[in-house]
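K.L.:
This structure is in structure tokens; I'll ask about it shortly.
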Amino acid sequence: MAEALTAGELPADDQKHFAAGDQTVWIDASPFISQVCKDLDVGQLVNGENFSLFEAMSALEIMDPKMDAGMAGSGVITLEDAIDSGKAPVNINIPELVDVMDHLLACEASWHRGHSLAQTVFSCLYLLNLDRTSSNALLYSYCRTVRAVCSMIRTAISTVLSNEEEDLFTLAFGLPLEAEGDGKCLSALHAVDEVVTRKLKGSKGLMAKKQPAEEMEPLQDDPTLEEGYCQAVLCRLRFRKAFYHVVANMNKAQGRGLEMARKHIAVALLELKSVQKSTEFLSRCEVERVSQIEKTTASGRQAVGFDPKVNRRVSAPTPPRSISLLSWEETLNYFIKLLEDLETITSFSTNLSLDELFQTLVDFQKREPDLVPRAFLQLLLTQDGKLFGRDNMCHVLHRTFSLPESVNNEVFHSDNFVSKSGQLTLYLVRVLCTNMSWQHRKLGKLLSEWGVLLQQGDTLFDSLMHKTLGSLEDKELWESVIMGWTAEQTCWISTHLLMLGFQLHLYAPAEYCMIYWYLDHALLTELHYKQLKERKHPTSVELKERKHSTNVETQDAIGSHRRHHILCSLSWMIAALTADRKFSEKSQTIFNTEQERFIQRFDLFQKVPIPQPLSYVHYKKFTSQRNIPIKEQYFWSSQYFMTLQQHLQDLGHCLAKSTTISPFSRLQRTREINQLKHVASRNLIVLKIVDDAEPGDNLMVSFDFPQHPFFAVASVKKL
Amino acid sequence: MDDENGAAMVPIRYVSYQGEEQLPIIMSLIDQELSEPYSIFTYRYFITLWPQLCFMAFHEDTCVGTIVCKMGQHRNTFRGYIAMLVVIKPFRGRGIATELVTRSIQNMRDAGCEEVTLEAEMHSD
């Protein structure tokens, strides 16, 4: 076969164009390969030794539109070529400028959402060479501010390090993100703001009283559109300015910038509303109607000055996949949500107790915030390894335990138990700021570490008790306070971990009963330690107040019983339904027995001393070995639900009367009360139906989560 | 072999991967449904090495679902991995994916796997 290949195979012309060395010539191998292919049977492969999954996954099929980003649009282009061929004109008119601003905003939102800088913000040719736009003050100042804001956000995200590539791309690959003097971009923005404001006044004829000598050059050519365009440009400039201030203030350590951030967020939201309103005006001027889903600008026109392919060679080793940017509507919604989430963060007090902080974090996560607000929250709470960037964890623990002043600070700080607990607590705060999947993963590991702390308690504790707190009387009391607190945190992590499983859809319906049952156990253990803390706190002034308090938080803490009631009622309900053959989900799959599933679910908890590990045997005792008639089980389940309803009523009254609760917490508690009321009432109805029915599988009950994310609601069907 | 999937359901045929002729069907189905693009090399890697873990679901002559897997030693365990799982929209909610997964896992278990893993995307909406 090789004899067929000679230099003569290649047409003479082509030989001239291909470089060849002394000992080498180019040969057209196509006929050779075709021949070889014919020799292979269908399904036979040639497999290189070093070609495995990694190589397969990195390979691209050229010209496949999904894989080959170059297929989108035409031609390869460098920045210089693009500029030379007029793709980034500096003297653009006002409508075009607005389009650039809008498309850039869409790019920014797309970057936040996980696409690379190269294909989003830096697909803007103006940003790639900002200096050449300096003659267009509006364009220049706007772009410069965008760059400065992106740089600040990137720094914040890189500092907290709680994201994966898919969340937000921090690598800039040498793109010009940092630049000297960007901190001064605001003065340039302010200057153009003033100019446009004057033009707006001019367009409204308010300048009539001015001397005619002062000629006001309009923003653009059409006098009928002047006011509209002035407003459109102005609200965009002002939004950009406000957003810059928001980000700059959120970046300030120890929450020093929260107050100011709040003010600027309000401004930014207002301006964003104006931007939204301007969409109607801008798209009216446009003849061609672009579909809502595709357009990335208010006008619907494609913006000039962008080319997603211009950075192809600058990006990661593998060529980038083609991406689709967020649409104009999605962009606006993204920024509105972002600002509202940041606003919520600015409303948090920086003097919260640990318990209050954990609850606040759990509540905040219910808003499903994106990475950017979560990153700022984490920055606020854990910068420099201190709580709120300000409090050393040992101080925090000193305060949490309400230790008397007589305990020597220095000795306390150098105690191993104290520093270890402090570390673990701060880490817990960090984890609670991340997304749910990340939380679930890290909490599992964290739980093991807290378990180790409890187990090592003896050795670490001896030193704490005898050296650090040696000067105190009632050492046993302090021992139970501190160990109790550690046990309480461990239980809290256990319950939170189990509840996250519902939100991540990790459990099959057949597992709900065992999960609720174990969750109830963990929660009761947590309550036990909470109550010990309430009773045994020796110097707590609050204790006296608490007994007579209608304070919501107190009621809430003591009334965590409501969670116990609902867990009890649900686990009893499902166990009874299973025994009655009305709950159709099989607890055995063809691959695992119920026992194996139990072991898999609770393996982690078996290795932690508190809450006390429960075995499958315990579970079976609960579900099937009790000699309680089914009807009685239904009765008890209903009783728990009804007690819950009473509790919710009481809590609602407290909530209404409370003056100390923050608006954010009030909203969360109210929402939860309503959700639980719904769960209770619906389940009570189903219980009545199954109780009235004949025993056996004449009805089928299934569970869903229409209201509360982890307390299920039953529905029943006739079979 | 015909499998009936509950009352009032159209019969779905489950077929184990037999050969090269089926590869284009699998590739086009997965390309269509999943956002992650795979090169032909990736398909070949999984399907050539573990054909017994690849199944297709047919409704009459149309392939409506497919699964692609691998298995191997991972640290101290012999573990299966589900790489791609697809059922076209109109046929979802009928237990087809469950059946495809069950068949693959059965073969994994018979080959000695102690656990099976997969990755799933979290969608914010």
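The values are calculated or read from the model by the stated rules, or taken from the named source; none is laboratory data. Every value quoted in this text rests on a predicted model; they were computed, and no experiment measured them. Every residue, glycine among them, receives a Cβ derived from its backbone with ideal geometry; neighbour counts consider all protein chains shown. Protein only, heavy atoms only, side chains kept; ligands, DNA and RNA dropped before computing areas. Shrake-Rupley method; radii C 1.70, N 1.55, O 1.52, S 1.80 Å.
K.L.:
I'd like the carbon and sulfur percentage of the solvent accessible area for the protein assembly as shown, probe radius 1.4 Å, heavy atoms only, ligands and nucleic acids excluded.
P.N.:
Answer for the protein assembly as shown is 52 percent, counting heavy atoms of protein chains only.
K.L.:
Averaged per residue, what accessible area in Å² does the protein assembly as shown show with a 1.4 Å probe, protein chains only? Numbers along the way, then the final one.
P.N.:
Working: 42430 Å² over 844 residues.
Heavy-atom SASA per residue in the protein assembly as shown reads 50 Å².
K.L.:
Compute the signed sum of charges (Lys and Arg +1, Asp and Glu -1) over the other residues within less than 10 Å, Cβ to Cβ, of B:VAL116.
P.N.:
Computed value for this residue: 0.
K.L.:
Another question, if that's okay. With unit charges on the beta carbon (Lys/Arg positive, Asp/Glu negative), name the residue among A:GLN489, B:TYR43, B:VAL87 whose Cα is farthest towards the positive pole of the charge dipole of the protein assembly as shown.
P.N.:
A:GLN489
K.L.:
Given the options B:ARG44, B:ARG94, B:ARG75, which has the most mean-square fluctuation in a GNM of chain B, springs set between C-alpha atoms less than 10 angstrom apart?
P.N.:
Residue with maximal mean-square fluctuation among B:ARG44, B:ARG94, B:ARG75: B:ARG75.
K.L.:
Would you mind classifying the protein assembly as shown by shape? Square roots of the alpha carbon gyration tensor eigenvalues, ordered a ≥ b ≥ c; an a/c under 1.5 is rounded, otherwise it is prolate if a/b is larger than b/c and oblate if not. Intermediate values should be presented prior to the final figure.
P.N.:
Values: a/c = 1.80, a/b = 1.17, b/c = 1.53.
Taking the square roots of the gyration eigenvalues as a ≥ b ≥ c, the protein assembly as shown is oblate.
K.L.:
Relative contact order for chain A using alpha-carbon pairs under 8 Å, separation at least 6, rounded to a whole percent?
P.N.:
10
K.L.:
Output the residues of the stretch B:81-124 meeting this criterion: accessible area (heavy atoms, 1.4 Å probe) in the chain alone minus accessible area with all protein chains in place is 10 Å² or greater.
P.N.:
B:THR102, B:ILE105, B:GLN106, B:ARG109, B:MET122, B:SER124
K.L.:
Still on this structure, I have one more. Between their Cα atoms, which of A:LYS337/B:LYS70; A:LYS366/A:LYS718; A:LYS621/A:LYS717; A:LYS366/A:LYS530 are more than 31 Å away from each other?
P.N.:
The answer is A:LYS337/B:LYS70; A:LYS366/A:LYS718.
K.L.:
Let me know the shape class of chain B, please: from the alpha-carbon gyration tensor, a ≥ b ≥ c as square roots of the eigenvalues, rounded when a/c is under 1.5, otherwise prolate if a/b is greater than b/c, or oblate. Don't skip to the answer; put the middle values down first.
P.N.:
On the way: a/c = 1.41, a/b = 1.31, b/c = 1.08.
Rounded, since a/c falls under 1.5.
K.L.:
Which of B:VAL68, B:VAL101, B:VAL15 ends up with the largest GNM mean-square fluctuation for chain B, with Cα atoms connected below 10 Å?
P.N.:
B:VAL15
K.L.:
Only sites in a loop by DSSP and with at most 12 other Cβ atoms within 10 Å count here; which chymotrypsin sites (Phe, Trp or Tyr not before Pro) in the stretch A:30-61 make the cut?
P.N.:
none
K.L.:
Once Lys and Arg get +1 and Asp and Glu get -1 on their Cβ, which of A:ALA579, A:LEU651, A:LEU719 lies farthest toward the positive end of the dipole of the stretch A:535-719?
P.N.:
A:LEU651
K.L.:
Next question. State the Cα centre-to-centre distance between the stretch A:344-363 and the stretch A:475-538 in whole Å.
P.N.:
Cα centroid of the stretch A:344-363 versus Cα centroid of the stretch A:475-538: 20 Å apart.
K.L.:
In debye, nearest 20, what is the charge dipole magnitude of chain A about its Cα centre with +1 on Lys and Arg Cβ and -1 on Asp and Glu Cβ, if you could check? Working shown, then result.
P.N.:
Values: 76 positive and 88 negative charges, 620 e Å.
Rounded to the nearest 20 debye, it is 2980 debye.
K.L.:
What does the net charge come to around A:GLY451 if you take all other residues with beta carbon closer than 12 Å to its beta carbon, with K and R at +1 and D and E at -1?
P.N.:
Net local charge, A:GLY451 excluded: +1.
K.L.:
What range in chain A is the longest one free of GluC sites (Glu not before Pro) that are in a loop by DSSP and have at most 14 other Cβ atoms within 10 angstrom? The partial results should precede the final answer.
P.N.:
Details: sites that count: A:GLU49, A:GLU61, A:GLU164, A:GLU165, A:GLU166, A:GLU178, A:GLU180, A:GLU214, A:GLU215, A:GLU288, A:GLU294, A:GLU405, A:GLU473.
Here the longest segment lacking exposed loop sites spans A:474-719.
K.L.:
Restrict the search to the stretch B:1-108; then list the GluC sites (Glu not before Pro) that DSSP places in a loop and that have at most 11 other Cβ atoms within 10 Å of their Cβ.
P.N.:
Hits after loop and neighbour filter: B:GLU4, B:GLU60.
K.L.:
While we're here: Between chains A and B, what is the buried accessible area in Å², counting both sides, with a 1.4 Å probe and ligands, DNA and RNA left out, to the nearest 100?
P.N.:
Details: alone 36500 and 7710 Å², together 42430 Å².
In total, this chain pair buries about 1800 Å².
K.L.:
Between the stretch A:603-658 and the stretch A:228-251, how far is it from one alpha carbon centroid to the other, in angstrom?
P.N.:
Taking the Cα centre of the stretch A:228-251 as reference, the centre of the stretch A:603-658 is 52 Å away.
K.L.:
Further, regarding this structure: Compute the distance from the alpha-carbon center of the stretch B:42-91 to that of the stretch A:418-461, in whole Å.
P.N.:
Measuring centre to centre over Cα atoms gives 38 Å.
K.L.:
Still on this structure, I have one more. Short version: which residues of the stretch B:19-34 lose at least 10 Å² of accessible area, all chains versus chain alone, 1.4 Å probe?
P.N.:
Relative to the lone chain, where solvent access is computed with a 1.4 Å probe, the stretch B:19-34 loses at least 10 Å² at B:GLU20, B:GLU21, B:ASP31.
K.L.:
Where does chain A land at 222 nm, in deg cm²/dmol rounded to the nearest 500, when only DSSP H runs of n ≥ 4 count, each adding -39500 (n - 2.57), divided by all residues?
P.N.:
-19000 deg cm²/dmol
K.L.:
Reachable lysines from A:LYS204, Cα under 28 Å, same-chain residues fewer than 8 places away excluded?
P.N.:
Cα-Cα hits under 28 Å: A:LYS241, A:LYS273, A:LYS277.
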